[in-house]
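The values are calculated or read from the model by the stated rules, or taken from the named source; none is laboratory data. These numbers were taken from a predicted model, which means no experiment stands behind them. So basically every Cβ, Gly included, is an ideal-geometry build from the backbone, and we count neighbours across all protein chains shown.
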Amino acid sequence: MTTQRGTVPTVTRSTSVAGAARELVEGALPRAGGTDLVTCVEAGVIAPGPLVDLVDVPELRGPRWDGDGAVRIGAMTSVAELGADPLLAEAYPGLVAAARALATPQIRGTATVGGNLLQRNRCPYLRNPAFECFQTGGDSCPARDGDHLRAVVVDLGPCVAPHPSSLAVALLAYDASVVVVERGSGAEVERDLAELYDGTDPTRDHVLAPGDLLVAVALPALVSGGRAAHLRVAGRSRAEWPLVEAVVRLECAEEGRGPVTRASVAVGGVARTPLRLPGVERALVGSVPGRAPGEEVDRALEAIVELCSPLPATGYKVDLLQATVRDVVERALDAPAG
Amino acid sequence: MVQGVGYALHEERRDDLGTGVVLSDDLEDYRIPGMGDVPETEVYFHEEGFEHVAGGGVGLGEVSVVGVAAALGNAVYDATGWRPHDLPLRPDRLIGGLR
Ligand SMILES: Cc1cc2nc3c(=O)[nH]c(=O)nc-3n(C[C@H](O)[C@H](O)[C@H](O)COP(=O)(O)OP(=O)(O)OC[C@H]3O[C@@H](n4cnc5c(N)ncnc54)[C@H](O)[C@@H]3O)c2cc1C
Ligand code: SF4
């Protein structure tokens, strides 16, 4: 693919979901904040074409709560809005913490929830015009035998670029689903967030078909007394991609004072998709808030090694993943009950 | 000194060894420190200056850069017992050293 630096695309501004969906059927690319799309088009990762800008579609903006405490967050809600919402912070603290920690204030102000989930990965080969790979129509992965210092440690398939979305990690921990208006039928379909990604497909970073429109993420209502924590480990303190990122969410008995009844642990930066760690989740049941995790949790953390299949240069991420999960588990047990 | 932090912790040209193509060709992949990576820094000036330079001027330049890597390397040794011998002091190197 050639570099198209400088070409000016035609942009249509839609004001409704139906209008945007029509433009997409005509072959337009959806532009949300544009922070990833613009650089991908410039680098030749996404073929240039007419754009439909979603910024003026009010239906896509902000959280909408239903009576039972479940919420739908519109795809065009900015990452900064998500990070500043007090009701979301109370109900889903792990999600809001992940939103506040990613990228830079400028990016968070522009980037959207939908764009964050559907952004392309940050492999140093992907945006470099000197290389072709599975993701740009080629038939190999130069990173696997080349420079893959920041790549996966759980090797799910031919591409070894970790999934870039921090929000996906947190949303996975909260059992979120995504609401998509499908191209063609125009029908609104809701499916688990995990189904948005396929780690074994090396050609793309999410499975939505061209023309599909992500309209919202849906979060289930939570029982009271939950606790959560988020942690990202990176080589620099700001404007840096995490090497490993984790969100832990605990449901506890007796309005949060009693032992853990259900845990979810999601990690990012380690595989082609965000991952849940069911072994650690099971081991956490019975842990007591305010106390250090017990032996069963220690054993489950040890067993993370068996989940890992490091590349020659990513062995360090095994230790980093174990240490990060341990740390975030301890933080969640110490967190105030919500 | 901030440049010294970059030299010690972040800055690194990374190439694809098969083709020789430089991979670290932008400021996302060629890492330099940001404000959050630099501690509060006190700067002392040697006010007498150099006798042999007119006006007593002292060139700073590299002099202020090189000591930072040694100081950070010593700090890592002091904190962990592992002495690094390669720059930058990357997370993977530190973890490898501690194994
Ligand atoms: C220095 C830096 C550090 C960063 N660190 C992080 C980090 O730590 N964690 C993290 O998660 N991200 C990080 N980012 C990336 C940033 O979060 C993403 O660029 C941003 O979230 C993308 O959102 P957007 O709204 O700008 O998407 P866009 O660029 O507008 O869109 C991205 C893609 O999604 C498609 N799309 C967007 N909205 C829809 C929709 N509603 N329906 C269908 N398709 C859609 C677009 O067509 C495009 O292909 C970082 C970026 C920078 C520059
Ligand atoms: S890791 Fe993925 S994006 Fe990077 S070169 Fe390999 S196939 Fe391409």
Considering only helices (runs of 4 or more DSSP H) wholly within the stretch A:231-338, the ones with at least 2 residues that are under 27 Å from B:Pro33 (Cβ atoms), touching a residue at least 12 places away in the same chain (Cβ under 8 Å) and among the β-branched types (Val, Ile, Thr) are A:316-334
The lone exception for A:Ala103 - which of (1) aliphatic (A, V, I, L, M); (2) part of a helix (DSSP H, G or I); (3) assigned by TED's automatic domain parsing to the domain that holds A:Asp334 it fails: (2)
Exclusive hit being assigned to a loop (DSSP other than H, G, I, E, B), in the same structural domain as A:Gly225 (by TED's automatic domain parsing) and more than 27 Å from A:Val267 (Cα to Cα), set A:Gly67, A:Gly49: A:Gly67
Take the residues of the stretch A:143-191 that are within 14 Å of chain B (Cβ to nearest Cβ) and among the small types (Gly, Ala, Ser): which is surrounded by the fewest Cβ atoms within 10 Å (Cβ to Cβ)? A:Gly146
Could you tell me how many of the residues in the stretch A:107-122 are surrounded by fewer than 19 Cβ atoms within 10 Å (Cβ to Cβ), within 13 Å of another protein chain (Cβ to nearest Cβ) and more than 7 Å from ligand 1 (Cβ to nearest atom)? 1
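A:Ile73 - would you say it is touching a Leu at 6+ places or on another chain (Cβ under 8 Å), in contact (Cβ under 8 Å) with a residue 40 or more places away in the chain, part of a loop (DSSP other than H, G, I, E, B) and buried (at least 16 other Cβ atoms within 10 Å of the Cβ)?
Considered against the rule, which asks whether it is touching a Leu at 6+ places or on another chain (Cβ under 8 Å), in contact (Cβ under 8 Å) with a residue 40 or more places away in the chain, part of a loop (DSSP other than H, G, I, E, B) and buried (at least 16 other Cβ atoms within 10 Å of the Cβ), A:Ile73 comes out as no.
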Within the stretch A:123-178, which residues are within 16 Å of ligand 1 (Cβ to nearest atom), over 18 Å from the mean Cα position of the chain (by Cα) and among the hydroxyl-bearing types (Ser, Thr, Tyr)? A:Thr136
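Does the stretch B:17-31 hold any residues that are of a type in the set (Gly, Ala, Ser) and farther than 16 Å from A:Arg150 by Cβ, and which are they?
Restricting attention to the stretch B:17-31, the residues satisfying the condition of being of a type in the set (Gly, Ala, Ser) are B:18, B:20, B:24.
Hits for the stretch B:17-31 are B:Gly18, B:Gly20.
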I need a count of the residues in the stretch B:49-88 that are touching a residue at least 60 places away in the same chain (Cβ under 8 Å) and either within 14 Å of chain A (Cβ to nearest Cβ) or basic (Lys, Arg) (or both). 3
Can you tell me which residues in the stretch B:1-48 are without any contact (Cβ under 8 Å) to a residue 40 or more places away in the chain, in a helix (DSSP H, G or I), of a type in the set (A, V, I, L, M) and at the interface with chain A (Cβ under 9 Å from one of its Cβ atoms)? B:Met35
